[in-house]
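The values are calculated or read from the model by the stated rules, or taken from the named source; none is laboratory data. Remember, predicted model here, so these are calculated numbers, not experimental data. Heads up, the Cβs are rebuilt from the backbone with ideal geometry, glycines too, and the neighbour counts pull from every protein chain shown.
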Amino acid sequence: MPQKKPSPKIRLLLGGICLVLGLYLGVCYALAVSILKPPREAVDDSNRLFIRNRIPGPDGETVVWTRSGSQAQRPDSNSQPVTTIIAHGLGGNPSSYFPLAEELRRMGDVVVVAMRGQTVSPIDRIDFGAGESRDLAAVAKWVKKRNPKTRVILVGVSLGGAASLMAAGQNPELIDGVITEGAFARLDWAVDEYLSVSLPGGGVIFRPTIWIVQAMTGVRASDVVPMDSTKALANRPCLIVHGEEDRVFSRRHPEALTQNQNCRVWIAPLAGHSQVPRILLQEYVQKIEATVQESSLKRL
């Protein structure tokens, strides 16, 4: 018997389902690309006191801005020199951290990093912490080569904070202390929460976005676990900063990052995600300086 053809209504229904599914997957793909390759913002180079450098790294060059410390402001010119490396997060801009770097000059030299896949970085896309941690290690190595006696302190925000923890855990000989703000403890937690910021349940609704990103990068979200790096920070100071009003990442991240008791936590009042340097600059600088002082004492 000849096979009965679907009725026009059934064909129309199947066509509609295929169209909706295609649109849904297209949205998930576009979202994945936007995460991997965020819009490139211009960096304000009008402050000529910060000097741009290009540092060779494992996957390409890393662009940084450096400025020497203010000798007149250093409390003890005979103390071991300090270099602070600042790493911004997803969607961040190096020039927005120049005011923080300017304040930190009284401790020593400062380096502000253009994170991979963003602003002026020649590297094509972000890497969710794995590649960024290698870039920060290369910058720390470059700093140590220029001044072998300096202590290196990483100050990282959000993705930059997660990468800072991973770099410190993997390179204990290069890094003497870590301060993070809004860093995630696990990438799988972070992605789920990030996708749910604008749409409750977005982490479930847009689950294919995570699969697409993993396929494009070869990085499994469950394998990027900065909280594991805190175990290696037992003899180095670590401060975890989290904004009281952070609506991107929940409190479980700072709680997980400090569960090994190798890191302290500061819940910054009234601050949202990545806002601490902007609204609590002086208090933030004091916390960083205290961490650096602790690093100095531990090295004596």
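Quick rundown of the values:
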quantity: Filtered residues of region 1-59 (kept if in a helix (DSSP H, G or I) and farther than 26 Å from M216 by Cα); calculated: P8, K9, I10, R11, L12, L13, L14, G15, G16, I17
quantity: Residues located in region 20-68, provided they are aliphatic (A, V, I, L, M), more than 22 Å from the chain's Cα centre (by Cα) and surrounded by 13 or more Cβ atoms within 10 Å (Cβ to Cβ); calculated: L25, V27
quantity: Residues that are modelled with pLDDT of 95 or more and either exposed (fewer than 14 other Cβ atoms within 10 Å of the Cβ) or part of a loop (DSSP other than H, G, I, E, B) (or both), drawn from region 69-88; calculated: H88
quantity: Segments classed as helices (runs of 4 or more DSSP H), wholly inside region 95-176, with at least 2 members that are in contact (Cβ under 8 Å) with a residue 60 or more places away in the chain and buried (at least 23 other Cβ atoms within 10 Å of the Cβ); calculated: 130-146, 159-170
quantity: Count of residues meeting criterion [more than 14 Å from L233 (Cβ to Cβ) and of a type outside the set (G, A, S)] in region 162-217; calculated: 27
quantity: Count of region 177-193 residues which are assigned to a loop (DSSP other than H, G, I, E, B) and of a type in the set (G, A, S); calculated: 3
quantity: Hey, G202 surrounded by fewer than 22 Cβ atoms within 10 Å (Cβ to Cβ) and over 23 Å from Q293 (Cβ atoms) or not; calculated: yes
quantity: Single unsatisfied condition, V219 versus (1) over 27 Å from M107 (Cβ atoms); (2) surrounded by 14 or more Cβ atoms within 10 Å (Cβ to Cβ); (3) at pLDDT 90 or above; calculated: (3)
quantity: Residues of region 96-109 satisfying the condition of being in contact with a helix residue (DSSP H, G or I) (Cβ under 8 Å, 6 or more places away or on another chain), closer than 16 Å to G160 by Cα and among the aliphatic types (A, V, I, L, M); calculated: L100
quantity: Flag for R207 being closer than 15 Å to N262 by Cβ and over 18 Å from the mean Cα position of the chain (by Cα); calculated: no
quantity: So M107, is it at pLDDT below 95 and in contact with a Ser or Thr (Cβ under 7 Å, 6 or more places away or on another chain); calculated: yes
quantity: Pair list, Cβ under 8 Å, 6 or more apart: region 43-58 residue free of Cβ contacts under 8 Å to residues at least 40 places away in the same chain, other residue not in a strand (DSSP E or B); calculated: R52/D45
quantity: Single residue of D192, D223 found to be more than 25 Å from L21 (Cβ to Cβ) and either touching an Asp or Glu at 6+ places or on another chain (Cβ under 8 Å) or not aliphatic (A, V, I, L, M) (or both); calculated: D223
